[in-house]
Amino acid sequence: MSKLNVLVFFGGCSSEYEVSLESACAVIEHLDPGKYRALPLGITMDGRWLYFEGDPQKIRDNTWANEKDAVPALLSPERVEHRLLLFPEPGAPAKSIPVDAALPVIHGKNGEDGTLQGLLELFGIPLAGCGTLSSALCMDKERAHRLAALSGVRVPRSLSLSAGDSLSHALSFALEIGFPLYVKPVRSGSSYGITRVEKLEELSDAVSLAFHYDSQVIVEENIEGFEVGCAVLGTNTLVTGELDEIELSDGFFNYTEKYTLKTSAIHVPARINRETAARLKETAKIIYRALGCSCFARVDMFLTPKGEIVFNEVNTIPGFTEHSRYPGMMKAAGYSFSQVLDQIIRLAVKS
């Protein structure tokens with residue numbers, strides 16, 4: 001059986017550019033070389049598309065975009081033949097490489113929000129991951145919460161603000177739900193632009209910071225308890241990994257804690273009883289289906305002291321290093337990193 005050529009997108013015009021480099025390097029290193037040939041396609045911060053042919057470690061070190069290892073590239077829009085076009089020399093005929101599937105490993109805007117997924121679907125390239133609509137919905141915290149609520153899942157009380165809205169609405173809402181509360185960009189990842197607000201005087205600055213990352217901001221109530229994640233794999237038949245639990249010493253799971261765990265810890269499996277774990281996994285599946293997810297995603301929820309489950313968010317392209325939460329949860333359920341990637345790509349090719 002011939003190898004499949006898998007286009008691995010990384011980088012991107014996103015505040016999560018460096019996170020993407022770590023994830024993509026790990027993906028490339030763990031793709032089964034007996035089944036797949038990785039085609040690393042990087043997007044620089046200024047939007048250049050470059051096909052990378054060097055040592056994957058250079059991706060992790062962010063030294064990949066050099067003239068020796070990278071050549072300008074783009075995707076052919078022809079739906080009949082899926083090809084990556086390379087332009088090694090100005091004016092010379094383009095070279096091409098067939099593409100069997102594409103795996104976007106670009107976190108955040110312009111990669112996880114449906115933009116890249118829409119392009120791939122337009123070109124007819126099998127997509128290893130959630131589709132255009134699902135990606136856009138999951139990236140949008142407000143709309144994701146609305147759909148989850150319609151499916152019977154509890155969500156935090158919140159207020160959405162658009163640029164130009166009066167801050168007085170947020171002030172009134174904050175007094176209604178009490179402190180602490182959270183202010184977040186509606187469409188952002190890795191906790192960029194999120195502030196835990198402890199008192200009314202901090203609200204204005206928190207809203208301004210969130211607007212720096214998006215044109216819409218959400219003011220959200222604090223949920224007592226702790227966060228639990230559920231890795232979901234599949235499209236029609238769903239498989240879940242073991243749940244993980246985030247133990248915080250203080251504050252919230254911000255960017256620093258997510259990538260350094262300086263004062264927090266992640267427990268896999270989560271330290272909860274079997275019945276509660278089953279309820280959480282079933283709720284994760286309900287949310288996954290409600291938002292139209294496919295192939296894979298990580299569903300994050302809160303578990304309150306009373307045992308209530310509250311939806312937080314869905315990450316359609318979660319962290320994908322060997323030590324990230326999604327691979328960790330699947331590993332605890334008996335799936336190696338390479339096996340998870342194999343299943344994701346096979347789902348894309350068969351769909």
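Observations on the model:
- Checked against the criterion of being within 28 Å of GLY111 (Cβ to Cβ), without any contact (Cβ under 8 Å) to a residue 60 or more places away in the chain and open to solvent by less than 50 Å² (accessible area, probe 1.4 Å), the candidates VAL197, VAL232, VAL186, VAL228 yield just one match: VAL186.
- Identity of the residue in the range 207-224, in a loop (DSSP other than H, G, I, E, B) and in contact with a strand residue (DSSP E or B) (Cβ under 6 Å, 6 or more places away or on another chain), that ends up surrounded by the fewest Cβ atoms within 10 Å (Cβ to Cβ): ASN222
- Test set (1) closer than 29 Å to SER338 by Cβ; (2) open to solvent by 70 Å² or more (accessible area, probe 1.4 Å) - VAL71 fails condition number: (2)
- Among the residues of the range 148-176, those identified as more than 27 Å from LYS306 (Cβ to Cβ) and in a helix (DSSP H, G or I) are LEU167, SER168, HIS169, ALA170, LEU171, SER172.
- Among the conditions (1) acidic (Asp, Glu); (2) touching a helix residue (DSSP H, G or I) at 6+ places or on another chain (Cβ under 8 Å); (3) in contact (Cβ under 8 Å) with a residue 24 or more places away in the chain, the only one that GLU121 does not satisfy is (3).
- Elements of type strands (runs of 3 or more DSSP E) contained in the range 6-123, each with 2 or more residues being of a type in the set (Asp, Glu) and within 19 Å of the chain's Cα centre (by Cα): none
- Meets criteria (surrounded by fewer than 17 Cβ atoms within 10 Å (Cβ to Cβ) and within 30 Å of ALA231 (Cα to Cα)) for ASP46: no
The values are calculated or read from the model by the stated rules, or taken from the named source; none is laboratory data. Please read all numbers here as calculations on a predicted model, not as lab measurements. All Cβ positions, glycine included, derive from the backbone under ideal geometry; neighbour counts span all protein chains shown. These accessible areas exclude ligands, DNA and RNA; they are computed on the full protein's heavy atoms, side chains included. Shrake-Rupley method; radii C 1.70, N 1.55, O 1.52, S 1.80 Å.
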